[in-house]
Amino acid sequence: MRSRRHRRCHRHSGGSRGSGPMHELAVAQRLVDRAVETVRDHDASRVRAMRIALGPDDHLTPEALAFSVEAACRGTLAEGANIQITHMATSGVRLCDVDIEEPA
């Protein structure tokens with residue numbers, strides 16, 4: 001099994017202050033959709049890891065986003081992926097790296 005990292009930096013705006021769990025799940029679903037799209041674009045077998053950058057938006061916490069991403073991964077080619085959330089200076093959420101597993 002080979003692994004390859006793909007740098008994809010897709011920006012998703014954080015939304016408005018006071019957004020609840022449904023907003024976090026919607027953001028997470030878009031991030032997972034992009035990661036799964038990377039797998040399909042490269043005829044890979046699954047997502048091994050996702051690196052997500054989170055800006056200083058006080059309505060999205062790293063913990064809540066990680067929980068939502070893990071929930072959105074269930075039943076997809078990203079299920080079981082390692083989720084890494086880093087901080088960035090600008091606002092919003094970005095999917096920066098997708099580590100995929102290629103067929104042997």
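The values are calculated or read from the model by the stated rules, or taken from the named source; none is laboratory data. Keep in mind that this is a model prediction, so the values were computed, not measured. All Cβ positions, even for glycine, are placed from backbone atoms using ideal geometry, and neighbour counts span all protein chains on display.
Just wondering, is there one or more residues in the stretch 3-24 that are at pLDDT below 95, out of contact with any helix residue (DSSP H, G or I) (no Cβ under 7 Å at 6 or more places or on another chain), closer than 14 Å to Ser68 by Cβ and crowded, with 17+ Cβ neighbours inside 10 Å? Yes, the stretch 3-24 contains at least one residue that is at pLDDT below 95, out of contact with any helix residue (DSSP H, G or I) (no Cβ under 7 Å at 6 or more places or on another chain), closer than 14 Å to Ser68 by Cβ and crowded, with 17+ Cβ neighbours inside 10 Å.
If the condition is being over 10 Å from the mean Cα position of the chain (by Cα), closer than 14 Å to Leu77 by Cβ and either assigned to a loop (DSSP other than H, G, I, E, B) or among the β-branched types (Val, Ile, Thr) (or both), then the stretch 20-44 contributes Thr38, Val39, His42, Asp43, Ala44. Taking the condition in contact with a strand residue (DSSP E or B) (Cβ under 7 Å, 6 or more places away or on another chain), within 18 Å of Cys96 (Cβ to Cβ), at pLDDT 95 or above and crowded, with 17+ Cβ neighbours inside 10 Å, does Leu31 pass? Answer is yes for this residue. In the set (1) loosely packed, with under 14 Cβ neighbours inside 10 Å; (2) in contact (Cβ under 8 Å) with a residue 40 or more places away in the chain, Ala81 fails one condition alone, (1). Condition check for Leu95 on (1) part of a strand (DSSP E or B); (2) farther than 12 Å from Val27 by Cα: one failure, at (2).
Scanning the stretch 45-78 for residues that are in a loop (DSSP other than H, G, I, E, B) and surrounded by 13 or more Cβ atoms within 10 Å (Cβ to Cβ) yields a total of 9. Could you please let me know if Thr90 is without any contact (Cβ under 8 Å) to a residue 40 or more places away in the chain, among the polar types (S, T, N, Q) and touching a helix residue (DSSP H, G or I) at 6+ places or on another chain (Cβ under 9 Å)? No, not satisfied.
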